[in-house]
1. What do you reckon, is Glu3 part of a helix (DSSP H, G or I), out of contact with any helix residue (DSSP H, G or I) (no Cβ under 8 Å at 6 or more places or on another chain), of a type in the set (D, E, K, R) and exposed (fewer than 10 other Cβ atoms within 10 Å of the Cβ)?
2. Might you let me know whether segment 20-43 holds any residue that is free of Cβ contacts under 8 Å to residues at least 60 places away in the same chain, open to solvent by 70 Å² or more (accessible area, probe 1.4 Å) and of a type in the set (A, V, I, L, M, F, W, C)?
3. Can you pull out every residue in segment 6-19 that is open to solvent by 40 Å² or more (accessible area, probe 1.4 Å) and either of a type in the set (Val, Ile, Thr) or touching a residue at least 60 places away in the same chain (Cβ under 8 Å) (or both)?
4. Please indicate, with yes or no, whether at least one residue in segment 53-76 is in a strand (DSSP E or B) and in contact with a Phe, Trp or Tyr (Cβ under 9 Å, 6 or more places away or on another chain).
5. Looking only at residues that are open to solvent by 80 Å² or more (accessible area, probe 1.4 Å) and among the aliphatic types (A, V, I, L, M) in segment 67-95, which one is nearest to Gln15 (Cα to Cα)?
6. Read through the list (1) more than 13 Å from the chain's Cα centre (by Cα); (2) outside any strand (DSSP E or B); (3) surrounded by 10 or more Cβ atoms within 10 Å (Cβ to Cβ); (4) not hydroxyl-bearing (Ser, Thr, Tyr), then give the number of the only condition that Lys47 fails.
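The values are calculated or read from the model by the stated rules, or taken from the named source; none is laboratory data. Since the model is a prediction, treat every value here as computed from it, not as a measurement. No Cβ is skipped: glycine too gets one built from the backbone with ideal geometry, and neighbour counts run over all protein chains shown. Note: areas computed on protein heavy atoms with side chains; ligands, DNA, RNA excluded. Shrake-Rupley method; radii C 1.70, N 1.55, O 1.52, S 1.80 Å.
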Amino acid sequence: MKEAILSGTIKPGDQIVESRIAHQLGSGIPLVREALIELEHQGFVQKTPYKGTIVTKLGPKEIREIFQLRVELEALALEWAHDNITPTDIKPCRS
């Protein structure tokens, strides 16, 4: 489902019907529900009680805010890694 959202197959604002997705994927509804919970945590979908699940719509403002946050977080992650990384941590990356 995430790939379908990222590729635009499922568009922002589209409603996601669990039973239809389960049928299309050849899986059960509980598995689709679990995936939707994860996608909601990641911000790809929004669940509204008694209304269902829709693909998140992002406007220019939200996109800018997300990228600004990512820039800050990634800079902090790099700083933390630089201060804490050891040769043992790097070895698997070179394989």
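1. Details: part of a helix (DSSP H, G or I): yes; out of contact with any helix residue (DSSP H, G or I) (no Cβ under 8 Å at 6 or more places or on another chain): yes; of a type in the set (D, E, K, R): yes; exposed (fewer than 10 other Cβ atoms within 10 Å of the Cβ): yes.
It is true that Glu3 is part of a helix (DSSP H, G or I), out of contact with any helix residue (DSSP H, G or I) (no Cβ under 8 Å at 6 or more places or on another chain), of a type in the set (D, E, K, R) and exposed (fewer than 10 other Cβ atoms within 10 Å of the Cβ).
2. For segment 20-43, residues free of Cβ contacts under 8 Å to residues at least 60 places away in the same chain, open to solvent by 70 Å² or more (accessible area, probe 1.4 Å) and of a type in the set (A, V, I, L, M, F, W, C): present.
3. Within segment 6-19, Thr9, Val17 qualify.
4. Filtering segment 53-76 down to residues in a strand (DSSP E or B) leaves 53-55.
Checking the rest, the ones that are also in contact with a Phe, Trp or Tyr (Cβ under 9 Å, 6 or more places away or on another chain) come to 55.
There is at least one residue in segment 53-76 that is in a strand (DSSP E or B) and in contact with a Phe, Trp or Tyr (Cβ under 9 Å, 6 or more places away or on another chain).
5. In this case the residue turns out to be Leu69.
6. The number of the failed condition is (2).
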